[in-house]
Amino acid sequence: MRFCQTCRFELSKRGFKRHTLSVVHRKGKLIRAMLERDCITHAEIARRIGLTRERVRQLALLMGFADGRSRHAICRMERRKKEMTEFFLQAQKRGFAVEPLGTGSGYINGKLCLQRNACWHDVGSNEHKYTFLSIRRPTVRFDICAWKLPDGRFLILPKKLSSFTQTTFNPEESARLGTNSSSHYYRDYIERWSLLGRPRRSN
């Protein structure tokens, strides 16, 4: 007896030779190739191959692939991983467990995190004009929000420290009059990755 790895059929030696030349085997190879490489639905495979969707589903299960709903969930997760913003990519590189939800949001170590961007904002006028960073509090639910600064670093604040609607701060030490009072304690939370907990693995 011979076993077809593609179609998962057990056949006699003579029957196996005929099977490898059959339309069933050729279509089975195509179905397996598409299921292995692409996030593709059973209906789309059925349309391309010329079978019914139910038959494709049966063959996919016979070949050891997950059912349609599970495949869709896996595909959605893979697409979200490709669309992850930089904060989540950096967290993943540091060894944190990342579960993306959408563009700019996801769970890191079980905490709902968001990424937003900080921008430069002029405060005052004439000789008392200073440039600070401006951040706006998200309107959606979150545990931790990370604002990407223009220099590529992240200001990481937990929800309890984000009671403002919009605020400005000076990210660097400065000797200029009026800037130190505006630096606030946010400076201490730049690149404060420890707020996310402990990484799952060491890099």
Rank His121, His128 by accessible area, highest first, at a 1.4 Å probe radius? His128, His121
Run the simple label-point estimate for Arg136 and Lys111 please: 7 Å along Cα→C-beta, distance reported in nm. 2.4 nm
Kindly flag which residue pairs out of Lys81/Lys148; Lys81/Lys159; Lys29/Lys81; Lys129/Lys160 have an alpha-carbon separation exceeding 23 Å in this structure. Lys81/Lys159; Lys29/Lys81; Lys129/Lys160
Over the chain: Rg over Rh, Cα atoms, Kirkwood Rh: 1.27
Checking the cross-link filter: which aspartates and glutamates have an alpha carbon closer than 15 Å to that of Lys93, excluding same-chain neighbours under 8 positions apart? Glu191
Just to confirm the filter: which trypsin sites (Lys or Arg not before Pro) across segment 32-109 are DSSP coil and have at most 16 other Cβ within 10 angstrom of their Cβ? Arg94
Run the simple label-point estimate for Arg69 and Leu161 please: 7 Å along Cα→C-beta, distance reported in nm. 4.2 nm
Rounded to the nearest 500 deg cm²/dmol, what is the calculated helix-only ellipticity per residue at 222 nm for the chain, with -39500 (n - 2.57) per DSSP H run of length n ≥ 4? -9500 deg cm²/dmol
Ignoring any ligand, DNA or RNA, what whole percent of the accessible area of the chain comes from carbon and sulfur when the probe is 1.4 angstrom? 49 percent
Accessible area (Å², per residue) of the chain, counting only protein heavy atoms and a probe of 1.4 Å: 62 Å²
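The values are calculated or read from the model by the stated rules, or taken from the named source; none is laboratory data. What you are looking at is a predicted structure, and each value in this text was computed from that prediction instead of being measured. Note that we place each Cβ from the backbone using ideal geometry, even for glycine, and neighbour counts take in every protein chain shown. SASA here: full protein model, heavy atoms, side chains in, ligands and nucleic acids out. Shrake-Rupley method; radii C 1.70, N 1.55, O 1.52, S 1.80 Å.
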